[in-house]
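Dropping the structure in here first, questions after.
The values are calculated or read from the model by the stated rules, or taken from the named source; none is laboratory data. Given the structure is predicted, the values throughout are model-derived calculations rather than measurements. Methodologically, a virtual Cβ is constructed for each residue, glycine included, from the backbone with ideal geometry; neighbour enumeration extends over all protein chains shown. Calculation scope for accessible area: heavy atoms of the full protein, side chains included, ligands and nucleic acids excluded. Shrake-Rupley method; radii C 1.70, N 1.55, O 1.52, S 1.80 Å.
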Amino acid sequence: DSGVTQTPKHLITATGQRVTLRCSPRSGDLSVYWYQQSLDQGLQFLIQYYNGEERAKGNILERFSAQQFPDLHSELNLSSLELGDSALYFCASSGYMGSYEQYFGPGTRLTVT
Amino acid sequence: QKEVEQDPGPLSVPEGAIVSLNCTYSNSAFQYFMWYRQYSRKGPELLMYTYSSGNKEDGRFTAQVDKSSKYISLFIRDSQPSDSATYLCPFSGSARQLTFGSGTQLTVLP
């Protein structure tokens with residue numbers, strides 16, 4: 001158990017809908033990263049937050065957004081969902097700004113029908 | 001050119017074999033080396049990390065880094081069926097975000 005929690009574990013929704021994925025980092029970790037893993041694809045970095053502020057963006061679609069709250073949990077919002085958004089979404093946390101090691105949560109499996 | 005190139009696999013070995021998983025990297029600024037293990041559809045698990053050349057051992061696992069050759073390896077001794085997974089050696093970017101390749105899929109046959 002990495003100490004990173006994600007909810008929900010599974011989510012099934014229809015095209016055009018909006019969903020919110022939640023992540024709680026390890027106790028004391030300030031950085032949260034979001035990654036997407038489509039079927040048979042590698043992990044793709046989406047976005048990073050550090051202590052409530054956005055620090056880096058990867059290949060994140062404009063329909064997707066995220067935020068990190070004062071209690072350091074983070075939410076990833078996916079809107080106007082398309083079939084191609086079906087994927088595993090992982091969050092990872094690390095302890096401080098310069099830390100390299102990231103600890104991943106169990107993921108949320110999103111299915112768009 | 002990709003930041004990290006990994007042996008594509010898949011790799012299949014008998015139980016008890018020594019497994020060698022390899023990556024090469026292109027950026028000399030690459031200073032921190034990590035290995036992750038991912039079981040099917042599960043969150044990646046950090047196995048080992050190091051920032052120096054040479055070997056780092058942890059139980060049955062040894063991470064080897066050769067900065068002069070830009071080559072990193074993970075050795076698994078006495079491999080077990082529970083080691084069957086995909087192994088990843090990501091590149092760490094300027095904001096510490098990780099860039100992953102497709103990994104090497106390992107199957108250890110009982």
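Please report, ordered by residue number, the strands (runs of 3 or more DSSP E) entirely within region A:46-113 with at least 2 residues that are open to solvent by 20 Å² or more (accessible area, probe 1.4 Å).
Those strands (runs of 3 or more DSSP E) span A:53-57, A:64-68, A:108-112.
Filter region A:42-75 down to residues that are touching a residue at least 40 places away in the same chain (Cβ under 8 Å) and among the hydroxyl-bearing types (Ser, Thr, Tyr) and give me whichever is farthest from the other protein chains (Cβ to nearest Cβ).
A:Ser74
Just the residues that are over 12 Å from the mean Cα position of the chain (by Cα) and within 24 Å of A:Glu82 (Cβ to Cβ), please, taken from region A:22-53.
Selection gives A:Ser38, A:Leu39, A:Asp40, A:Gln41, A:Gly42.
Quick test of your reading of the structure: B:Phe30 fulfils all but one of (1) away from chain A (no Cβ under 14 Å); (2) within 17 Å of B:Gly101 (Cβ to Cβ); (3) of a type in the set (A, V, I, L, M, F, W, C); (4) part of a loop (DSSP other than H, G, I, E, B). Name the failing condition by number.
Against the list (1) away from chain A (no Cβ under 14 Å); (2) within 17 Å of B:Gly101 (Cβ to Cβ); (3) of a type in the set (A, V, I, L, M, F, W, C); (4) part of a loop (DSSP other than H, G, I, E, B), B:Phe30 comes up short only on (1).
Here are some conditions: (1) in contact with a strand residue (DSSP E or B) (Cβ under 6 Å, 6 or more places away or on another chain); (2) touching a residue at least 40 places away in the same chain (Cβ under 8 Å); (3) within 13 Å of chain A (Cβ to nearest Cβ). B:Ser40 meets all but one. Which one does it not meet?
Unmet condition: (1).
Which numbered condition in (1) at the interface with another protein chain (Cβ under 9 Å from one of its Cβ atoms); (2) surrounded by 13 or more Cβ atoms within 10 Å (Cβ to Cβ); (3) more than 13 Å from the chain's Cα centre (by Cα) is the only one that B:Ser53 fails?
Here B:Ser53 meets the rest and fails (1).
When you go through B:Thr62, B:Thr24, B:Thr86 one by one, which is the residue that is open to solvent by 50 Å² or more (accessible area, probe 1.4 Å) and either assigned to a strand (DSSP E or B) or more than 14 Å from chain A (Cβ to nearest Cβ) (or both)?
B:Thr24
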